[in-house]
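Below is one structure, written out as structure tokens, with a few remarks after it.
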Amino acid sequence: MENFVKLESKLYAMLAYLGPLSIWSAFHAKEDEFIRYHAKRGLVLFILEALIWTISALPVIGIVFTVLARLVFGLLSVFGMISALAGETGRLMGIDSLAEKFVL
């Protein structure tokens, strides 16, 4: 039997994958393990996206790398949002190992 996840928790968890709104979710993560799980992953994605934004200033290579990275991070964010709204704690490729190091 699966644990019941409140709709409010699902919405805060989904917001974690929308860039700067991951910080908002992190503030609400103290009481809820489900939100904390997704907030950590959202924060990692947000930090990596910020790094990609700085790399985009490089000529040619920066542009190509940025387009590919934004596509990958966009897909990871969509998968994370779907997982959050479904009330699941699905794994995100390469993000989980970094997210587990965060303490919220």
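Throughout, read-outs are computed from the coordinates displayed, never taken from laboratory work. On a predicted model such as this, the values are computed, not experimentally measured, just so you know. Cβ sites come from the backbone with ideal geometry, for glycine too, and all protein chains shown count toward neighbours.
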*Simple spin-label model, 7 Å along Cα-to-Cβ: residue 23 to residue 100 in nm?*
2.8 nm
*Would you work out which of 68, 87, 25 lies farthest towards the positive end of the dipole of the chain, given +1 charges on the beta-carbon of Lys and Arg and -1 on that of Asp and Glu, about the Cα centre?*
68
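Can you tell me, using C-alpha contacts under 8 Å and at least 6 residues apart, the relative contact order of the chain as a whole percent? Write down the numbers at each step before the final one.
Values: 128 pairs, mean separation 33.0, N = 104.
With pairs under 8 Å counted, the relative contact order is 32 percent.
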_How large is the translational diffusion coefficient of the chain in µm² per second when you combine the Kirkwood radius over alpha carbon pairs with Stokes-Einstein at 10 °C and 1.306 mPa s?_
114 µm²/s
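What longest region of the chain stays clear of trypsin sites (Lys or Arg not before Pro) that DSSP places outside H, G, I, E and B and that have at most 16 other Cβ atoms within 10 Å? Kindly include the intermediate steps, with their values, before the conclusion.
Numbers: sites that count: 6, 30, 91, 101.
Answer - 31-90.
Which is the longest part of the chain that has none of the GluC sites (Glu not before Pro) sitting in a DSSP loop with at most 11 other Cβ atoms within 10 Å? Intermediate values should be presented prior to the final figure.
Working: sites that count: 2, 31.
The longest such stretch corresponds to 32-104.
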